[in-house]
């Protein structure tokens with residue numbers, strides 16, 4: 001098991017990630033390492049994503065995500081999976097969101113290459129996928145802190 005520290009993504013960064021990825025009603029979003037569930041919740045509530053998956057290995061965080069989704073009225077549109085993200089199939093995902101470490105993203109890359117459709121979008125807060133070429137890179141500022149966002153489209157990011 002790889003340990004990734006839990007650090008919540010600021011709301012403004014969540015919104016920018018989802019805007020860059022162009023999420024909408026036709027998308028199936030997986031947040032791998034979802035923490036408190038904020039990305040799937042915002043995706044469903046504000047961007048109309050039809051179905052979102054909150055994948056988290058820590059049971060305390062998955063319970064927090066469930067509670068947050070209930071409070072926001074979107075519990076029925078999010079699937080909560082308390083498991084290792086490497087064991088969860090993402091074959092139906094159109095969008096993957098990440099806030100992991102580069103080392104974890106790099107280990108995850110072959111799984112994404114194998115399971116995702118060519119035009120699936122992957123967006124990562126702060127940490128890149130070293131083997132992939134981003135389609136777009138952005139830095140945004142939130143309360144005097146800068147945040148890097150790496151946006152990938154499988155077909156264009158995995159072929160050099």
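Specify whether the C-alpha gyration tensor of the range 22-74 places it in the rounded, prolate or oblate class, a ≥ b ≥ c being the square roots of the eigenvalues: rounded for a/c under 1.5, otherwise prolate if a/b is larger than b/c and oblate if not.
Details: a/c = 2.80, a/b = 1.54, b/c = 1.82.
Because a/c hits 1.5 or more and a/b fails to exceed b/c, the range 22-74 counts as oblate.
When the helix-only estimate is applied to the chain (DSSP H runs of n ≥ 4, each -39,500 (n - 2.57), divided by the residue count), what is the mean residue ellipticity at 222 nm, nearest 500 deg cm²/dmol?
On the way: 5 runs with 52 residues, N = 160.
Rounded to the nearest 500, it is -9500 deg cm²/dmol.
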> Roughly how many Å is it from the Cα centre of the range 81-157 to that of the range 1-38, as a whole number?
Replying inline: 10
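With the cut-off at 1.5 for a/c, could you classify the range 52-97 from its C-alpha gyration tensor as rounded, prolate or oblate?
On the way: a/c = 2.80, a/b = 1.31, b/c = 2.13.
It is oblate, given that a/c is not under 1.5 and a/b is not larger than b/c.
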> Who wins for biggest fluctuation among 145, 95, 14 in a Gaussian network model of the chain, springs between alpha carbons below 10 Å?
Replying inline: 145
> Can you sort 127, 99 by how many other beta carbons sit within 10 Å, fewest first?
Replying inline: 127, 99
>> Restricting to Cα pairs below 8 Å that are 6+ residues apart, what does the relative contact order work out to for the range 87-160? Please round to a whole percent.
In response: 32
> Taking only C-alpha pairs under 8 Å that are 6+ residues apart, what is the relative contact order of the chain in percent?
Replying inline: 21
> Over the range 42-88, what relative contact order in percent results from Cα pairs under 8 Å that are six or more residues apart?
Replying inline: 47
>> Running a GNM on the chain with Cα contacts under 10 Å, which residue among 96, 129, 20 ends up with the highest mean-square fluctuation?
In response: 20
>> Using Cα springs under 10 Å in a Gaussian network model of the chain, which residue among 150, 137, 53 shows the largest mean-square fluctuation?
In response: 137
> Does the chain come out rounded, prolate or oblate, given a ≥ b ≥ c as the square roots of the eigenvalues of its C-alpha gyration tensor, rounded meaning a/c under 1.5 and, failing that, prolate meaning a/b above b/c?
Replying inline: rounded
>> Run the simple label-point estimate for residue 46 and residue 106 please: 7 Å along Cα→C-beta, distance reported in nm.
In response: 3.3
> So for the range 58-160: antiparallel DSSP bridges make up what percent, rounded to the nearest 5?
Replying inline: 75
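Since every read-out is calculated from the coordinates, none of them should be taken as a lab result. Note that the structure is a prediction, hence the values are computed from the model and not measured. Note: ideal-geometry Cβ built from the backbone for every residue, glycine included; neighbour counts use all protein chains shown.
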